[in-house]
Amino acid sequence: MSSSTNWSKGRILLLIGRLALAAIFLAAAYGKLSPLTAKQWTLSSLKVTPASLELSMMFFAMQLSSYQMLPAWAVSPIAHSLPWVELSLGILLLTGLGLRYLGIIATLLLALFWAVIIRSYALHLGINCGCFGPNEKLTGWRVLEDGGFFALGLAVTIGAFFYHRRHRVDASAFAQTEVSSS
């Protein structure tokens with residue numbers, strides 16, 4: 001198998017990883033921002049009104065508070081900003097622009113989430129994690145799943161750095177052949 005074939009497979013894996021990471025952040029944002037009254041996924045259930053958005057944010061703030069980590073004054077600002085950060089990160093990951101930097105941000109955020117989940121699980125807090133919306137119990141499976149998300153973020157970040165390095169080396173080799181052939 002040639003080096004270029006391996007490189008093409010690596011690029012495809014990076015694309016799949018990047019899209020999966022984007023889907024994770026978009027699903028997390030949707031779970032926090034979606035109206036709580038929707039019984040099933042329909043086009044009408046996607047309608048977000050200011051009242052339903054505020055109710056979702058208040059419910060997420062209650063879930064954040066149940067982790068018993070944040071001072072009371074920080075709960076509401078984080079609950080109102082985190083879903084938008086996740087949404088923005090998901091959209092930016094879809095574009096692939098600045099993937100090295102987005103990968104670092106995503107991986108650090110996933111590491112933080114995983115650490116909080118591990119701590120809460122170790123303390124036997126019987127809470128809903130709030131990761132992808134309401135009614136998600138904090139279980140050992142959630143700890144493993146968040147660890148997998150962190151591993152995916154790390155793999156995408158490392159892959160993005162390797163891709164950038166390889167792309168830079170290939171461009172430099174191309175420029176050198178252009179100069180020597182003229």
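Read-outs: derived from the displayed coordinates by stated rules, not from any lab. Everything numeric in this text was worked out from a predicted model, so none of it was measured. Neighbour counts are summed over all protein chains in view; Cβ atoms, including those assigned to glycine, are modelled from backbone coordinates with ideal geometry.
Below are the figures for this structure:
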{"read-out": "Cβ-Cβ FRET estimate between residue 70 and residue 118, R0 fixed at 22 Å, reported to 0.05", "value": "0.85"}
{"read-out": "32, 9 arranged by Cβ crowding within 10 Å, fewest neighbours leading", "value": "9, 32"}
{"read-out": "Amide H partners (placed H, <5 Å) of residue 136, local residues excluded", "value": "129, 130"}
{"read-out": "Pairwise label distance in nanometres, residue 161 with residue 125, each label 7 Å out on the Cα-Cβ vector", "value": "3.1 nm"}
